[in-house]
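What follows is calculated from the coordinates using simple rules that are stated; it is not laboratory data. Please read these numbers as outputs of a predicted model, since none were measured by experiment. Cβ sites come from the backbone with ideal geometry, for glycine too, and all protein chains shown count toward neighbours.
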Amino acid sequence: MSIAVKLSEDVVKSARIQARIDHRSLGSQLSYWAKVGKMAEENPDLPFYFIREVMLSHEEAEAGLLEPYTFGT
């Protein structure tokens, strides 16, 4: 489902720039920022890099790219 949302020109300009850098669409960039922001609000003690790694790990799991970890080797 998609809906129209009013955003400030400054936010849209910043999102466009970051979207180009990260090879995302404007909508995907804004969704990414929303996900990161939501996780940051729900987990205020976690640094950004940790949140980003959690998101990356989740995507790797969804893509079936996990390998079992063997303890003690």
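Between 32, 55, 43, the Cα set farthest toward the positive side of the dipole of segment 25-65 (charges on each charged residue's Cβ, about the Cα centre) is that of 32. Normalised by residue number, the volume inside the convex hull of the Cα atoms of the chain is 156 Å³ per residue.
Only aspartates and glutamates eight or more places from residue 13 in sequence, or on another chain, were considered; those with a Cα closer than 16 Å are 22. As an exercise, identify the trypsin sites (Lys or Arg not before Pro) in segment 1-64 lying in DSSP coil whose Cβ has no more than 14 other Cβ atoms within 10 Å. Sites meeting the loop and neighbour criteria: 6.
Dividing the helix sum by the residues of the chain, where each DSSP H run of 4 or more adds -39500 (n - 2.57), gives a mean residue ellipticity at 222 nm of -20500 deg cm²/dmol. Put a plus charge on the Cβ of each Lys and Arg, a minus charge on the Cβ of each Asp and Glu, and nothing anywhere else: the dipole of segment 17-73 about its Cα centre is then about 300 debye.
Computed on the Cα trace of segment 25-65, the radius of gyration divided by the Kirkwood hydrodynamic radius gives Rg/Rh = 1.02. Principal-axis analysis of the Cα atoms of the chain puts helix 48-62 at an angle of about 70° to the longest axis.
Computed from backbone phi with θ = phi - 60° and the Karplus coefficients 6.51, -1.76 and 1.60, the 3J(HN,Hα) list for segment 38-44 is 5, 5, 5, 5, 6, 9, x Hz; x is used for glycine and proline.
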